[in-house]
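J.: I'd like to ask you about the structure that follows.
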Amino acid sequence: MVEERGNMKSESVALLPVSTECERVCVFGTGDIGRSLGLRLIQAGYSVIFGSRQPQTCNFLPNGAQVLGHVEAAQTAHLIFVAVQREHYDFLVPLANQLEGKVLVDLSNNLKKNQYPEANAEYLQSLVPGAEVVKGFNTLSAWTLQNGPSDANRQVYICGDRLEAKQEVLAVATRMGFSALDQGSLSKSRDLEDFPLQLFPLWRLPMRIATGLTAALFFYLLIRDILHAYITQSKDISFRVMVSLANKVCPIVSLVMLALCYLPGVLASFLQLYRGTKYRPFPDWLDRWMLCRKQLGLLALGFAFLHVLYTVIMPIRYHVRFWATERTVALIRQNRTNEFSTSAAWHSDSYLSFGILGFGLYVLLGITSLPSVSNALSWREFSFVQSKLGHLTLLLCTIHTYLYGGIRFLNASMYKWYSPPGYMLSLVVPTVVLLLKLFLLTPCVDRTISRIRQGWERGVNKRKNKMIKTVV
């Protein structure tokens with residue numbers, strides 16, 4: 001459950017001090033975004049002038065802000081935030097002379113991708129060619145602007161063609177408490193406008209994997225357990241679909257997806273070991289896989305929670321209570337008792353103990369994936385929890401599953417229609433990951449990988465020595 005850090009590639013720019021003329025800023029637009037932005041600017045120490053079509057009817061503006069008409073407001077500040085939608089940009093055309101040489105920050109977004117032939121910021125620049133348009137603050141909600149940044153939404157992305165204009169906006173964003181990141185020229189504004197429209201982009205692949213695994217295992221176990229009993233024994237146990245079958249699918253999906261969190265890291269290590277260098281990029285499929293490891297782990301944790309809940313309610317099920325009562329009555333009628341088995345008790349307690357320990361570490365991995373928690377950890381601490389404890393979690397959960405099966409795999413009756421039990425399928429990927437990781441931990445292999453990750457490259461020194469001898 002390794003967390004990726006950052007979703008957009010960014011380049012930091014050295015910030016210039018806020019100039020005196022930037023102490024007064026103008027905001028065009030008195031909607032939710034405009035008012036929230038104005039409030040945050042006032043809290044950061046700026047004097048805010050709102051520009052409105054009807055300044056006399058504007059209500060609910062932040063205390064300390066002034067409101068003027070568009071023409072008067074445009075003349076008061078060098079930095080102007082345009083917090084209106086693209087279809088209302090026409091009012092800026094008559095203000096071209098007043099906006100000459102000023103910095104316009106475009107906050108607009110669209111309802112869908114490719115809604116217009118060009119980006120909103122580029123369209124705004126064409127309407128007011130004498131101004132310097134900067135795209136920015138559009139990835140923040142009104143709530144974030146009003147209440148201030150938090151760990152989960154601290155970043156502000158901007159782009160523009162003129163460096164000095166971007167530095168002014170970056171300085172204002174930093175003073176407001178945000179982490180400002182430069183994304184390049186104004187041609188990148190379409191990417192910034194599309195960013196808020198993305199719906200869980202890093203969750204798509206994990207959701208597809210989870211959905212595919214759940215559906216495949218559900219139908220596999222439905223055929224193997226429910227239909228097999230109905231066809232071969234004429235027993236209707238379809239009621240088990242709701243709890244028993246679900247409680248088999250959830251732990252299998254959880255364990256497989258947890259293993260899939262750590263499989264790409266193992267594959268990356270083997271790829272670096274094979275290449276003898278860390279300076280060659282990974283394949284695209286491996287990059288995408290590694291970027292969604294946190295989402296895979298959180299979904300796996302969700303399935304583990306469902307498994308725990310289903311297990312807890314087992315004793316109160318009608319089927320379990322009925323079966324326990326009938327068995328007790330049958331023993332009484334036959335006047336016999338069952339002997340206590342110490343080995344069975346050891347097996348049962350060990351199975352439960354490994355499951356509890358594994359789930360406890362599972363929850364710890366999920367908690368440290370939260371931005372508010374991970375930001376409070378150093379990189380070494382974060383790596384220790386997500387890597388070392390993560391592999392330990394996988395080991396404990398795998399042992400828990402092995403103990404669940406015990407020696408039942410030797411019983412031919414377990415292979416209904418010659419198909420293996422579900423728990424055996426769940427052990428394939430985790431076992432492979434653990435064996436590969438064990439190989440990577442052997443001293444000779446671990447030492448080589450550590451050298452590669454420190455910059456050593458196989459064959460580089462030999463080539464250098466050969467070149468030196470050739471020159472001599």
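The values are calculated or read from the model by the stated rules, or taken from the named source; none is laboratory data. Please read all numbers here as calculations on a predicted model, not as lab measurements. Methodologically, a virtual Cβ is constructed for each residue, glycine included, from the backbone with ideal geometry; neighbour enumeration extends over all protein chains shown.
J.: So which residues in the stretch 252-278 are of a type outside the set (A, V, I, L, M, F, W, C) and out of contact with any helix residue (DSSP H, G or I) (no Cβ under 6 Å at 6 or more places or on another chain), if there are any at all?
T.: Listed by number, the residues that qualify are Gly265, Tyr274, Arg275, Gly276, Thr277.
J.: Does Ala229 satisfy the condition of being farther than 30 Å from Tyr415 by Cβ, assigned to a helix (DSSP H, G or I), over 28 Å from the mean Cα position of the chain (by Cα) and not charged (D, E, K, R)?
T.: no
J.: Which residues, counting only those in the stretch 319-347, are aliphatic (A, V, I, L, M) and surrounded by 13 or more Cβ atoms within 10 Å (Cβ to Cβ)? Explain how you work it out, then say what you get.
T.: To start, the set of residues in the stretch 319-347 that are aliphatic (A, V, I, L, M) comprises 320, 324, 329-332, 344-345.
If the condition is that a residue be aliphatic (A, V, I, L, M) and surrounded by 13 or more Cβ atoms within 10 Å (Cβ to Cβ), then Val320 is the only one that fits.
J.: Another question about this same structure. State whether the residues of the stretch 76-87 include one that is in contact with a strand residue (DSSP E or B) (Cβ under 6 Å, 6 or more places away or on another chain), in a loop (DSSP other than H, G, I, E, B), modelled with pLDDT of 90 or more and surrounded by fewer than 19 Cβ atoms within 10 Å (Cβ to Cβ).
T.: Among the residues of the stretch 76-87, at least one is in contact with a strand residue (DSSP E or B) (Cβ under 6 Å, 6 or more places away or on another chain), in a loop (DSSP other than H, G, I, E, B), modelled with pLDDT of 90 or more and surrounded by fewer than 19 Cβ atoms within 10 Å (Cβ to Cβ), which makes the answer yes.
J.: Okay, moving on. Modelled with pLDDT under 90 and on the phi > 0 side of the Ramachandran plot: does that describe Gly45?
T.: no
J.: Right, another one. Identify all residues within the stretch 221-237 that are out of contact with any Phe, Trp or Tyr (no Cβ under 7 Å at 6 or more places or on another chain), surrounded by fewer than 17 Cβ atoms within 10 Å (Cβ to Cβ) and either under 24 Å from Ser254 (Cα atoms) or acidic (Asp, Glu) (or both); write none if there are none. Full working, then the answer.
T.: Our first condition is that a residue be out of contact with any Phe, Trp or Tyr (no Cβ under 7 Å at 6 or more places or on another chain); within the stretch 221-237, this holds for 221-223, 225-227, 229-235, 237.
Then drop every residue that is not surrounded by fewer than 17 Cβ atoms within 10 Å (Cβ to Cβ), which leaves 222-223, 227, 229-235, 237.
Answer for the stretch 221-237, where residues must be out of contact with any Phe, Trp or Tyr (no Cβ under 7 Å at 6 or more places or on another chain), surrounded by fewer than 17 Cβ atoms within 10 Å (Cβ to Cβ) and either under 24 Å from Ser254 (Cα atoms) or acidic (Asp, Glu) (or both): Leu222, Ile223.
J.: From Ser374, Ser387, Ser350, Ser413, which residue is among the hydroxyl-bearing types (Ser, Thr, Tyr), surrounded by fewer than 16 Cβ atoms within 10 Å (Cβ to Cβ) and either under 20 Å from the mean Cα position of the chain (by Cα) or farther than 30 Å from Arg224 by Cβ (or both)?
T.: Exactly one residue qualifies, and that residue is Ser387.
J.: Among the helices (runs of 4 or more DSSP H) confined wholly to the stretch 415-472, which include 2 or more residues that are more than 20 Å from Leu395 (Cα to Cα) and at pLDDT 90 or above?
T.: Working: elements: 422-426, 428-440, 443-453, 460-471.
Those helices (runs of 4 or more DSSP H) span 443-453.
J.: Let me ask something else. Report yes if some residue within the stretch 138-148 is aromatic (Phe, Trp, Tyr) and either over 26 Å from the mean Cα position of the chain (by Cα) or surrounded by fewer than 21 Cβ atoms within 10 Å (Cβ to Cβ) (or both); otherwise report no. Working first, answer last.
T.: In the first step, residues of the stretch 138-148 are kept if they are aromatic (Phe, Trp, Tyr); the result is 143.
Within this subset, residues satisfying the condition of being either over 26 Å from the mean Cα position of the chain (by Cα) or surrounded by fewer than 21 Cβ atoms within 10 Å (Cβ to Cβ) (or both) are 143.
Yes, that holds for at least one residue.
J.: Might you check whether a residue that is out of contact with any Pro (no Cβ under 6 Å at 6 or more places or on another chain) and closer than 24 Å to Leu436 by Cβ occurs anywhere in the stretch 237-252?
T.: yes
J.: While we're here: Cβ-Cβ below 7 Å, separation at least six or inter-chain, first residue in the stretch 335-356 and assigned by TED's automatic domain parsing to the domain that holds Gly406, second surrounded by 14 or more Cβ atoms within 10 Å (Cβ to Cβ) and of a type in the set (A, V, I, L, M, F, W, C): which pairs?
T.: His347/Leu403; Ser350/Leu403; Tyr351/Leu403; Phe354/Leu396; Phe354/Ile399; Phe354/Leu403
J.: Take the residues of the stretch 91-137 that are of a type in the set (Val, Ile, Thr), more than 33 Å from the chain's Cα centre (by Cα) and surrounded by 14 or more Cβ atoms within 10 Å (Cβ to Cβ): which is nearest to Gly160 (Cα to Cα)?
T.: Filtering the stretch 91-137 for residues that are of a type in the set (Val, Ile, Thr), more than 33 Å from the chain's Cα centre (by Cα) and surrounded by 14 or more Cβ atoms within 10 Å (Cβ to Cβ), the one nearest to Gly160 (Cα to Cα) comes out as Val103.
J.: Just the residues that are surrounded by 20 or more Cβ atoms within 10 Å (Cβ to Cβ), out of contact with any Lys or Arg (no Cβ under 7 Å at 6 or more places or on another chain) and either under 20 Å from Gln125 (Cβ atoms) or of a type in the set (Asp, Glu) (or both), please, taken from the stretch 175-197. Even if it seems obvious, please write down each step before you answer.
T.: Kept after step one, since they are surrounded by 20 or more Cβ atoms within 10 Å (Cβ to Cβ), are these residues of the stretch 175-197: 176, 178, 180-183, 186, 189-190, 192-193.
Imposing the further condition that a residue be out of contact with any Lys or Arg (no Cβ under 7 Å at 6 or more places or on another chain) reduces the set to 180-181, 183, 190, 193.
Within the stretch 175-197, Gln183, Arg190, Glu193 qualify.
J.: Tell me which of these Arg208 doesn't satisfy, since it passes every other one: (1) more than 29 Å from Ser374 (Cβ to Cβ); (2) of a type in the set (D, E, K, R); (3) in the same structural domain as Gly302 (by TED's automatic domain parsing).
T.: All conditions pass for Arg208, except number (1).
J.: For Ile316, only one of the following conditions fails: (1) surrounded by fewer than 18 Cβ atoms within 10 Å (Cβ to Cβ); (2) over 29 Å from Ala215 (Cα atoms). What is its number?
T.: (2)
J.: Let me ask something else about it. Against the condition in contact with a Lys or Arg (Cβ under 7 Å, 6 or more places away or on another chain) and free of Cβ contacts under 8 Å to residues at least 60 places away in the same chain, how does Met414 come out, does it pass?
T.: yes
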